[in-house]
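**Q** One structure, as C-alpha cells, below. Some questions next.
The values are calculated or read from the model by the stated rules, or taken from the named source; none is laboratory data. All values reported here derive from a predicted model rather than from experimental measurement. Cβ placement follows ideal geometry from the backbone for every residue including glycine, while neighbour counts extend to all protein chains displayed.
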C-alpha cells in the first residue's frame, strides 16, 4: 500500500511539473516582450503619488487614488530597473506561475482531490486570448489581484476546513490579503462576500463556527464594507474614466456575455443568443450531474466575480482572469464527481484525464495563439520606436526640458509621448508640446522657449532647427489604431 501511495505521489508531481512546462511552452515567449503604451501610463501614474500617500490609499483613498498596490509595484520596479523590460516580465511570470499553483491549491481544498486540482490547473494554465497577461506588464493589476484574492480564499478555506484555531495573526493575514486584492483591482471588494458563500456551502461540513471563527470573518466583511464606502464616497480616478462607466441594462450584460463567451470558447466571434442558451443549459446539466455543492459554489463565484465586467464597456479577455479560476475549478470538480466517484478509481483516471486535457487543448491553443497575439507587434513597436529614436537623437536633456513635436502619428488625445519621454529621461517636469494639441504654428516667443524640436511623422524622428522649417512642415498626422 505504501508503495502504491508513493507511486501515485510520483504521478502527481510529474503531472504538476508537466503543467508548469505546458504553461511555459505556450506563454514563455512573453518573457522577452517589451513595453506597451498602457504600461507607460501606469508607471507614470504611479510616480505621481509619494509612497506614504499610496500606503494610505490602501485604507482611505482620495479622489485621485488608483490601484495603490499596483502603483507601489510599478514604482519599485521602475526605481530599481528603469526602462529595462526583463524585470517587469519576470515579475509578471512569477505571479502567473504562483497564481497557477494557488488555483490548484484552492481547487484541492474545495474538491478534496489532488487530481481535480491538476485538471483545474491544466484548464487555467493557458488561453491564447489571455495574451495581455503573458506579454504586457500593464496587466500587473490583474495578476496581483489574482495572487492576493486566491491566497485569501485558499487560506480561509484551509484554516476553516482543517478545524484549526484561527489565531489573531490569521485574522491579520486575511485582512492584509484582502486590502492587497482591493488595492490591486476593484474586484477585490467582492471577496468578503465570497467568504460568506464559502460558509454557506460548507455548512455542516466544516466545524461549526464559533467566536474565534466569526471574528476574522467579521473583520474581513467589515474591511470590505469600509473599503467600498471609502471608494464610492468620493469620485475617484477610476470612477471618472469613461471606459469604466457602469451601464445596468440587460442589453449590455447579454452583449458582454456573448463577447467574452465567444473568446473563451475560441469561436473568433461573439456567441449568439442560442449559444448562450446552450451554455446555460450545459451548466445546469453539469451541476445536476455532479450533485456537488462545491461545484455549485464555483459556478456562483464565477458569475459573481464576472458581474463587474458585464456592466462596463467590453474589453479583452484578460479582465476575466480571476473569475476564470472558478470556471476551471467547476469543470474539474464535475469531472471528478462524474468519473472518479462513479466510474473508475482516481489513480487510474487522474493521469489519463490530465493527459487527455493537455493533449486535447494543445492544438486549439497553438492554432489560436497567432490570433490572440495579433495586437502585440503594433503596440509593442510604438514604445520601442519612441525609446530608441529619442535616446539616439538626444541621450540627455536638461531638467524640465520642453520638447516641441511638430507632427507625429499618434492620436491627438493620446499622451504616450509625454508618459514615455518623462520615464526615459527620469524627469516628471519634462513637457512635450505637440502641434496637434496646441493647434497652431508656434510664435517666435514660444519657439524660443523650446529645448528641442522634432518631426515624428511616420514614427521617424527628424530634428527641426528653426521655426520657419516647423511652420512649413505643417501638422499632418495619421492615427495608428490602438489595441
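**Q** On the basis of being loosely packed, with under 13 Cβ neighbours inside 10 Å and either modelled with pLDDT of 85 or more or farther than 17 Å from residue 65 by Cβ (or both), does residue 217 make the cut?
**A** Numbers: loosely packed, with under 13 Cβ neighbours inside 10 Å: no; either modelled with pLDDT of 85 or more or farther than 17 Å from residue 65 by Cβ (or both): yes.
No: the conditions fail for residue 217.
**Q** Would you point out which residue out of 129, 134 is more than 9 Å from the chain's Cα centre (by Cα) and surrounded by fewer than 24 Cβ atoms within 10 Å (Cβ to Cβ)? Give the derivation first.
**A** On the way: 134 fails: surrounded by fewer than 24 Cβ atoms within 10 Å (Cβ to Cβ).
That would be 129, the only listed residue that is more than 9 Å from the chain's Cα centre (by Cα) and surrounded by fewer than 24 Cβ atoms within 10 Å (Cβ to Cβ).
**Q** Still on this model: Return yes when residue 109 is closer than 12 Å to residue 143 by Cβ and in contact (Cβ under 8 Å) with a residue 12 or more places away in the chain and no when it is not.
**A** No; evaluated as a whole, the condition is false for this residue.
**Q** Counting residues that are surrounded by fewer than 17 Cβ atoms within 10 Å (Cβ to Cβ), which helices (runs of 4 or more DSSP H) fully inside segment 38-124 reach at least 2?
**A** On the way: elements: 51-57, 68-81, 85-111, 114-124.
Qualifying helices (runs of 4 or more DSSP H): 51-57, 68-81, 85-111.
**Q** Hey, another quick one. Could you tell me whether segment 270-281 includes any residue that is within 24 Å of residue 200 (Cβ to Cβ), surrounded by fewer than 17 Cβ atoms within 10 Å (Cβ to Cβ) and out of contact with any strand residue (DSSP E or B) (no Cβ under 8 Å at 6 or more places or on another chain)?
**A** yes
**Q** For the list (1) in a loop (DSSP other than H, G, I, E, B); (2) crowded, with 16+ Cβ neighbours inside 10 Å; (3) touching a strand residue (DSSP E or B) at 6+ places or on another chain (Cβ under 8 Å), I need the number of the one condition that residue 414 fails.
**A** (3)
**Q** Being at pLDDT 90 or above, assigned by TED's automatic domain parsing to the domain that holds residue 311 and assigned to a helix (DSSP H, G or I) narrows it down to one residue among 191, 172; which is it?
**A** Unique residue meeting the criteria: 191.
**Q** Being out of contact with any helix residue (DSSP H, G or I) (no Cβ under 6 Å at 6 or more places or on another chain), modelled with pLDDT of 90 or more, assigned to a loop (DSSP other than H, G, I, E, B) and exposed (fewer than 12 other Cβ atoms within 10 Å of the Cβ) is the requirement here; does residue 398 meet it?
**A** yes
**Q** Quick check, is residue 22 in contact (Cβ under 8 Å) with a residue 40 or more places away in the chain, under 17 Å from residue 426 (Cβ atoms) and in a helix (DSSP H, G or I)?
**A** Against the criterion (in contact (Cβ under 8 Å) with a residue 40 or more places away in the chain, under 17 Å from residue 426 (Cβ atoms) and in a helix (DSSP H, G or I)), residue 22 does not qualify.
**Q** Next up: What's the number of the condition residue 17 fails, among (1) out of contact with any helix residue (DSSP H, G or I) (no Cβ under 8 Å at 6 or more places or on another chain); (2) under 24 Å from residue 131 (Cα atoms); (3) surrounded by 15 or more Cβ atoms within 10 Å (Cβ to Cβ)?
**A** Status for residue 17: all satisfied but (3).
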